[in-house]
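Take a look at the structure set out below.
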Amino acid sequence: MRVVIAEDLTLLREGLSRLLGDRGWEIVAAVDDGPKLVQAIVEHRPDIAVVDVRLPPSFTDEGIRAAIEARERVPGTPILILSQYVEESYASDLLAGAGGGVGYLLKDRVADVRQFVESLERVAAGGTAMDPEVVAQLLGRRDNRGPLAELTPREREVLALMAEGRSNTGIGVELGISSSAIEKHVKQVFIKLDLPPSDEDHRRVLAVLAYLGS
Amino acid sequence: MAATWRANTFLLVSFPVGLATFTFLVTAIALGVGLAIIWVGVPILAGTLVASRWLARFERRRVGFALAEPVPSGYRAPQRRGMLGWLRTAIGDAATWKDLVWLLILMPLGIVGFTISISAWGTGLGLLALPAWYSAVGDPGVDLGALRVDTLDEAWIGIPVGLVVLTLAVPLTRGAGIGLALLGRALLAPSERRRVVELERTRAGAVDSQAAELQRIERDLHDGAQARLVALAMDLGMAQEKLDSDPVAARALVAGAHGEAKRALSELRDLSRGIYPAILTDRGLGPALSSIAARNPVEVALDVKLDDRLPAATEAAAYFVVVEALTNVAKHSGADHCRVRIVHRRDRLQLEVSDDGDGGADPAGAGLTGLRQRVEALDGTLAVAEAHPGTTIRAELPCAS
């Protein structure tokens, strides 16, 4: 895999390069601000870009804005945003653009190397990786008397994992139950929330997130 | 010229306005005092007090017009909610009584001002018109009291004299108008001394609350992330020693260190969010509050109407008032629902957090005192009210934008 990294803190930039380099991935560029990120993506057309939200020159949500711009210039570039804090409103901006291949994770998740690499691979393959905190925020915002209240605890867990972008297999591994049981739960969730069924993971995530965010 | 025009308008209008306020206040107060024995008088007096605030507000605008600069108002903020709380504060507030003095002396002073203005201009214009007047009246001449104008030659003298009188009328009426307006401002605007005392008090409060906040952060760092990092370093040190001799134990130690590192990260994140959340800088008050509301254990209905970004200090104060209020609701109130309302009206931000819990908030408690200090440092106000059921916290913050 060819990777572009955008992170202004040298310690973390090198740490990420080492971590991904260890896996045999190729770091084609490691940059430290928004404009350089856009340039690197246009030049190298990487398989994925790993981007810190807070970058110079503005030190606000530069990373997200640069990522959105880069995806306009090179459509379909998979991008994983890392952030010290995750906020649902940033995630909505990111998802608003068309196409799959977006991720938004807390920086801490890097510490769980295996899961982090799995999320990267999922995003690189056109899937989605939403941080559980974003999903918790979305679930926390909903009125608990609506259709969500009709979900069983298990279905709620399945819904949250779907919103994170996990596949049925992934959800099954996480919850320790069989794929066929997961399929049943997923079907139930879609029926109860009145969502159009979809087999494709990315579309499914969008439908679930749109429902939660509405 | 404009100043003279404004001063005269002020003088002329002061008389009818003074007459009206005098009549109204004297009647209302007499009625209220007279009926006080059978209680009906008490609400009448209370109503008079409310009306005097409205009249004073009108007068402040009139005086501001005469002086061509706005006259500020400064009343004490009520410590308790409700009509009784308001009345208690209003009665104890010197500003209320100074308002009443102005509204009552406006009539006699208004008469004087009206007379000065009318006679100065009237005399000047009358003298200017003397020849025409004489021609119109004809033979018996014009009787000016002390003087008698018998011939047209005498009448012509009226023109230069009239011009002199009119020239003098300009500074005379302007002086009278501005003098009256200055007296009005002295009574209607808060005094400098009071403002200084207020500023000293709120500054001391701001310094105190900042020191307390720094202590809290130091304690949180010391007990939290710092302790975890020490434990982590110890685990790693031990793992290093056991790497060759006991790899199984070393692996367990590394796993422990990994866990401590992740917990330290999450504690540091919470701590820095508490100091100043990044989303507040990036996206402003609305999104920052919506993020807090989503995390809150008690269900929150957010009603935030903001079109523009506000000054950073206002946003931060408003944000922390809501955060502290929501924390209190979750910790102490036992409420099921709470509601956050924020409205931006011209140069004020009004903020209200209400819940349906058991009430019993202590306005003198550490949390609310810290909030009040934070709000007052910006010249804002904060009030806590028992709403039966529940508690309501209201804050008002200035925001020049």
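The values are calculated or read from the model by the stated rules, or taken from the named source; none is laboratory data. Worth saying up front: this structure is predicted, and the values here are computed from it rather than measured. With ideal geometry, Cβ positions are generated from the backbone for all residues, glycine too; neighbour counts draw on all protein chains shown.
Screening the candidates A:Ser167, A:Ser180 for the property of being within 19 Å of A:Glu121 (Cβ to Cβ) and hydroxyl-bearing (Ser, Thr, Tyr) yields one hit, A:Ser167. What number of residues within the range B:290-315 are facing chain A (nearest Cβ under 10 Å) and not in a helix (DSSP H, G or I)? Count: 6. When the range A:92-114 is filtered for residues that are assigned to a helix (DSSP H, G or I) and either over 17 Å from A:Asp201 (Cβ atoms) or aromatic (Phe, Trp, Tyr) (or both), the ones remaining, listed by number, are A:Ser92, A:Asp93, A:Ala96, A:Lys107, A:Asp108, A:Arg109, A:Val110, A:Ala111, A:Val113, A:Arg114.
Highlighted here are the helices (runs of 4 or more DSSP H) found entirely within the range B:217-289 that include at least 2 residues which are within 11 Å of another protein chain (Cβ to nearest Cβ) and polar (S, T, N, Q): B:247-275. Of the residues making up the range A:34-76, those that are assigned to a helix (DSSP H, G or I) and either within 14 Å of chain B (Cβ to nearest Cβ) or in contact (Cβ under 8 Å) with a residue 40 or more places away in the chain (or both) are A:Gly34, A:His44, A:Glu62, A:Gly63, A:Ile64, A:Arg65, A:Ala66.
So, A:Ala160, is that one under 20 Å from A:Tyr85 (Cα atoms), at the interface with chain B (Cβ under 10 Å from one of its Cβ atoms), in a helix (DSSP H, G or I) and of a type in the set (A, V, I, L, M) or not? No.
Residues in the range A:163-198 that are assigned to a helix (DSSP H, G or I) and of a type in the set (Val, Ile, Thr): A:Thr169, A:Ile171, A:Val173, A:Ile182, A:Val186, A:Val189, A:Ile191.
Within the range B:213-226, is even one residue surrounded by 13 or more Cβ atoms within 10 Å (Cβ to Cβ), closer than 30 Å to B:Ala2 by Cβ, out of contact with any helix residue (DSSP H, G or I) (no Cβ under 8 Å at 6 or more places or on another chain) and not assigned by TED's automatic domain parsing to the domain that holds B:Asp99? For the range B:213-226, residues surrounded by 13 or more Cβ atoms within 10 Å (Cβ to Cβ), closer than 30 Å to B:Ala2 by Cβ, out of contact with any helix residue (DSSP H, G or I) (no Cβ under 8 Å at 6 or more places or on another chain) and not assigned by TED's automatic domain parsing to the domain that holds B:Asp99: absent. A single entry from B:Ala325, B:Ala317, B:Ala278, B:Ala293 fulfils the requirement of being without any contact (Cβ under 8 Å) to a residue 24 or more places away in the chain and buried (at least 19 other Cβ atoms within 10 Å of the Cβ): B:Ala278. If you filter the range B:313-347 down to residues that are charged (D, E, K, R) and touching a helix residue (DSSP H, G or I) at 6+ places or on another chain (Cβ under 6 Å), you find that the one that is nearest to B:His388 (Cα to Cα) is B:Glu324. In the condition set (1) within 12 Å of another protein chain (Cβ to nearest Cβ); (2) on the phi > 0 side of the Ramachandran plot, A:Gly140 is compliant with all but (2).
Looking only at residues of the range A:1-33 that are of a type in the set (D, E, K, R) and in a strand (DSSP E or B), we find that the one that is surrounded by the most Cβ atoms within 10 Å (Cβ to Cβ) is A:Arg2. With respect to the conditions (1) more than 30 Å from A:Met1 (Cα to Cα); (2) free of Cβ contacts under 8 Å to residues at least 24 places away in the same chain; (3) crowded, with 19+ Cβ neighbours inside 10 Å, A:Ile171 falls short on a single one, namely (1). Selection of the range B:336-350 for residues being touching a residue at least 24 places away in the same chain (Cβ under 8 Å), over 18 Å from B:Thr202 (Cβ atoms) and not in a loop (DSSP other than H, G, I, E, B) yields B:His337, B:Cys338, B:Arg339, B:Val340, B:Arg341, B:Ile342, B:Val343, B:His344, B:Gln350. Here is a check on your reading of the model: is B:Gly284 at positive phi and surrounded by 15 or more Cβ atoms within 10 Å (Cβ to Cβ)? When the stated conditions are applied, B:Gly284 passes them.
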